[in-house]
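Asker: Shown below is the structure under consideration.
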Amino acid sequence: MGHAVWCARDLVAGEPFAVLLPDDLFHCKVPCLKQMVDEYPKTAGNLVAVEDVPQDQTSRYGILSIATDDGKLIRVNGMVEKPSIQDAPSCSAIVGRYILSPEIFSELDKQKTGAKGEIQLTDAMAATLDRVPFHGMRFQGKRFDCGNKIGFLMANIEYALDRADISEEF
Ligand code: G1P
């Protein structure tokens, strides 16, 4: 994922930009990214969407180490990509919406590999913590992890039940 973002460096040159992971589907009254854009003037730097996940699922996500937490905004002082339960600094997971400062490219340029031998966006974000403010935001709404079968099936049910034209028959 770090490499994929790095490939877009010329397009975003010098400006904050959004990253949307399409296998994370957000079902929200106000779109998740819009919620983040509204919050961004308070945080600047890097801002990621956050969901609190069960302890036994930390190894699926980037997990935040929390400095302060007002219930919505989390000031972050560290993060680990896909930690085991024992190594997870919290249960607050990064989920698929990011607003990133272009400073990230100074790290992605190094093409350093991390967890699973991949160039991890989480590692690049962690490496800029000393100079770029980093916050997580708990969004209002539901997220479906369509990268796994159950998440994909749950999303289909949720969206079908929410549609006036088919919900009754469904
Ligand atoms: C990616 C990121 C991870 C993040 C997750 C959210 O992992 O590397 O930090 O928590 O997306 O869905 P992937 O789902 O590509 O394994």
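Asker: Right, Ser84: more than 10 Å from the ligand (Cβ to nearest atom), under 25 Å from His3 (Cα atoms) and in contact with a Gly (Cβ under 9 Å, 6 or more places away or on another chain) or not? Reasoning before the result, please.
Answerer: Numbers: more than 10 Å from the ligand (Cβ to nearest atom): yes; under 25 Å from His3 (Cα atoms): yes; in contact with a Gly (Cβ under 9 Å, 6 or more places away or on another chain): no.
Answer is no for this residue.
Asker: Let me ask you something else. Select from segment 1-25 the residues that are under 19 Å from Glu81 (Cα atoms) and acidic (Asp, Glu) and list them in ascending order.
Answerer: Asp23, Asp24
Asker: How many residues are among the polar types (S, T, N, Q) and within 13 Å of the chain's Cα centre (by Cα) if we restrict to segment 82-120? Talk me through it step by step, then tell me what you get.
Answerer: The first filter runs over segment 82-120 and keeps only residues among the polar types (S, T, N, Q), leaving 84, 86, 90, 92, 101, 106, 111, 113, 120.
Remaining after also requiring within 13 Å of the chain's Cα centre (by Cα): 92, 120.
The qualifying residues number 2.
Results for (1) within 14 Å of the ligand (Cβ to nearest atom); (2) within 16 Å of Met79 (Cα to Cα); (3) out of contact with any Lys or Arg (no Cβ under 7 Å at 6 or more places or on another chain); (4) free of Cβ contacts under 8 Å to residues at least 60 places away in the same chain, shown as yes or no for each residue.
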{"residue": "Ser92", "(1), (2), (3), (4)": "yes, yes, yes, yes"}
{"residue": "Thr113", "(1), (2), (3), (4)": "yes, yes, yes, yes"}
{"residue": "Ala124", "(1), (2), (3), (4)": "yes, yes, yes, no"}
{"residue": "Arg131", "(1), (2), (3), (4)": "no, yes, yes, yes"}
{"residue": "Gly136", "(1), (2), (3), (4)": "yes, yes, yes, no"}
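Asker: So which residues in segment 152-170 are of a type in the set (S, T, N, Q) and either over 23 Å from Pro22 (Cβ atoms) or at pLDDT below 95 (or both)? So that I can check it myself, show each step before the final result.
Answerer: Of segment 152-170, the ones of a type in the set (S, T, N, Q) are 156, 167.
Ser167, the sole residue that qualifies.
Asker: Does segment 43-67 hold any residues that are charged (D, E, K, R) and modelled with pLDDT of 95 or more, and which are they?
Answerer: Pass one, segment 43-67, residues charged (D, E, K, R): 51-52, 56, 60.
Result: Glu51, Asp52, Asp56.
Asker: If you don't mind, another one. Taking segment 67-84 as the region of interest, how many residues are surrounded by 16 or more Cβ atoms within 10 Å (Cβ to Cβ) and in a strand (DSSP E or B)? So that I can check it myself, show each step before the final result.
Answerer: Initial filter on segment 67-84 (surrounded by 16 or more Cβ atoms within 10 Å (Cβ to Cβ)): 69, 73-74, 76, 79-83.
The next check asks that each one be in a strand (DSSP E or B); those that pass are 69, 73-74, 76, 79-81.
Of the residues in segment 67-84, 7 are surrounded by 16 or more Cβ atoms within 10 Å (Cβ to Cβ) and in a strand (DSSP E or B).
Asker: Exactly one condition in (1) within 18 Å of Arg138 (Cα to Cα); (2) away from the ligand (no atom under 12 Å from the Cβ) is false for Phe105; which is it?
Answerer: Status for Phe105: all satisfied but (1).
Asker: Out of (1) exposed (fewer than 13 other Cβ atoms within 10 Å of the Cβ); (2) within 13 Å of the ligand (Cβ to nearest atom); (3) at positive phi, what's the single condition that is false for Asn148?
Answerer: Among (1) exposed (fewer than 13 other Cβ atoms within 10 Å of the Cβ); (2) within 13 Å of the ligand (Cβ to nearest atom); (3) at positive phi, Asn148 violates only (3).
Asker: If you go through segment 7-58 one residue at a time, how many are closer than 13 Å to Arg143 by Cα, away from the ligand (no atom under 16 Å from the Cβ) and assigned to a strand (DSSP E or B)?
Answerer: Total meeting the criteria: 0.
Asker: Which numbered condition in (1) at pLDDT below 95; (2) crowded, with 17+ Cβ neighbours inside 10 Å; (3) assigned to a helix (DSSP H, G or I) is the only one that Phe105 fails?
Answerer: Single failed check for Phe105: (1).
Asker: Quick one: is Ala155 over 24 Å from Trp6 (Cβ atoms) and free of Cβ contacts under 8 Å to residues at least 12 places away in the same chain? Write out each step before concluding.
Answerer: On the way: over 24 Å from Trp6 (Cβ atoms): yes; free of Cβ contacts under 8 Å to residues at least 12 places away in the same chain: no.
The answer is no for Ala155.
Asker: Hey, among Gly114, Gly136, which residue is at pLDDT below 95, in contact with an Asp or Glu (Cβ under 9 Å, 6 or more places away or on another chain) and under 29 Å from Thr43 (Cβ atoms)? Give the steps one after another, and end with the answer.
Answerer: Working: Gly136 fails: at pLDDT below 95.
Among Gly114, Gly136, only Gly114 is at pLDDT below 95, in contact with an Asp or Glu (Cβ under 9 Å, 6 or more places away or on another chain) and under 29 Å from Thr43 (Cβ atoms).
The values are calculated or read from the model by the stated rules, or taken from the named source; none is laboratory data. A quick note: this is a predicted structure, and the numbers were derived from the prediction, not measured. All Cβ positions, even for glycine, are placed from backbone atoms using ideal geometry, and neighbour counts span all protein chains on display.
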